[in-house]
Structure formats: C-alpha cells, structure tokens
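The values are calculated or read from the model by the stated rules, or taken from the named source; none is laboratory data. These numbers come from a predicted model, not from an experiment. Every residue, glycine as well, gets a Cβ built from its backbone with ideal geometry; the counts of neighbours run over all protein chains shown.
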Amino acid sequence: MQFRATNRWVGGGLNQSSIKDFYAACGEDTTRTTPFVLDADEPAIMAGGDSVPNPVEFVLHALISCLTTSAVYHAAVAGIEIEAIESELAGDMDARGLFGLSDDVHKGYDNVQVIMRVKTDATAETIRGLALYSPVFEMISGSLPVDLTVEKL
C-alpha cells in the first residue's frame with residue numbers, strides 16, 4: 001500500500017493538504033473522484049489564525065482514530081462486541097525545542113497519554129491488544145513514549 005498527499009502553503013500558519021490517490025491490492029485505487037482537503041493552522045499564540053487544528057493536534061487525531069478503528073475491526077473479526085469507545089489524549093511538548101530556544105530539547109511530543117474507555121464484555125487487556133494493531137500507534141510509539149490505557153465503561 002502507498003498513501004499520498006500534496007500540500008500547499010496558504011499564508012501565515014495556514015496550509016492545505018489534498019488526499020486522493022493511493023495504491024492498494026496491487027493497483028491504483030480509482031474509487032475516489034474528489035480529494036479530501038485538510039487545512040492546518042496554528043494557534044494565535046504561535047502567530048497563526050487558529051482557524052483549524054495544528055499539525056501536532058492532527059497527530060493526536062490520527063493516533064486515536066487508528067487505535068479505535070484497529071480495536072473495532074479486530075474485535076469484529078474475533079467476534080467481540082464493542083458497544084462504545086470514548087477516548088482522551090494529551091501530548092506533552094516542550095516549546096523550547098519547537099522555537100529553537102534550546103538544542104537540548106527535541107521539537108516534538110515528549111510523550112502521549114491515551115485513555116480509551118470501552119463498553120464491552122471483553123477484558124480491557126484484550127481490547128488493548130486489538131488496538132495495538134494500529135499502524136499509526138507503531139509509527140508514533142517507535143519514536144516517543146505512548147502510554148495507552150484501556151478502561152471499561
């Protein structure tokens with residue numbers, strides 16, 4: 001599989017990505033006729049227009065979306081019923097790295113905490129194992145600590 005995106009800077013902290021074409025199942029997928037368009041901006045405190053989430057907030061969205069989808073799809077295949085999932089995420093970042101104020105501080109998240117609350121008869125550990133099939137979790141947790149806690153609703 002290969003996923004693709006294009007991006008253009010609009011102005012200030014605002015930029016726009018377009019996502020349409022991808023390769024899967026040994027061929028180009030042509031089912032999408034219109035691209036998905038995603039904007040990213042920065043909060044006002046970072047000289048942005050604060051019109052949409054910023055890129056590091058999109059990382060949190062990508063992470064929880066993939067953890068949730070992985071848990072739900074793998075549970076369905078295993079015959080496990082999930083009635084509901086609600087999650088909270090927090091990513092800690094030292095802005096000194098982002099702004100180049102310290103060479104000793106990296107530019108991204110220091111860690112991410114994820115709490116998934118799941119309504120199911122399965123154990124929390126079973127659901128956690130299913131969620132960990134997430135490719136986004138693997139990409140992110142390979143570069144920073146991600147603490148995933150699953151609780152029953």
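Values as computed for the structure displayed
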{"quantity": "Residues of the range 56-87 satisfying the condition of being within 15 Å of Asp147 (Cβ to Cβ) and either of a type in the set (Gly, Ala, Ser) or in contact with a Lys or Arg (Cβ under 8 Å, 6 or more places away or on another chain) (or both)", "calculated": "Ser87"}
{"quantity": "Failed condition for Ala24, given (1) loosely packed, with under 14 Cβ neighbours inside 10 Å; (2) in contact (Cβ under 8 Å) with a residue 24 or more places away in the chain", "calculated": "(2)"}
{"quantity": "Count of residues meeting criterion [assigned to a strand (DSSP E or B) and without any contact (Cβ under 8 Å) to a residue 40 or more places away in the chain] in the range 113-149", "calculated": "6"}
{"quantity": "First in the range 1-15 and not assigned by TED's automatic domain parsing to the domain that holds Phe36, second anywhere and in a loop (DSSP other than H, G, I, E, B) and among the β-branched types (Val, Ile, Thr), Cβ under 8 Å, 6 or more apart", "calculated": "none"}
{"quantity": "Which listed residue, of Ala40, Ala76, Ala71, is surrounded by 11 or more Cβ atoms within 10 Å (Cβ to Cβ), more than 20 Å from Gln16 (Cα to Cα) and free of Cβ contacts under 8 Å to residues at least 60 places away in the same chain", "calculated": "Ala76"}
{"quantity": "In the range 16-66, the residues that are assigned to a loop (DSSP other than H, G, I, E, B), in contact with a strand residue (DSSP E or B) (Cβ under 9 Å, 6 or more places away or on another chain) and more than 30 Å from Val118 (Cβ to Cβ)", "calculated": "Lys20, Asp21, Arg32, Pro35, Asp41, Glu42, Gly48, Gly49, Ser51"}
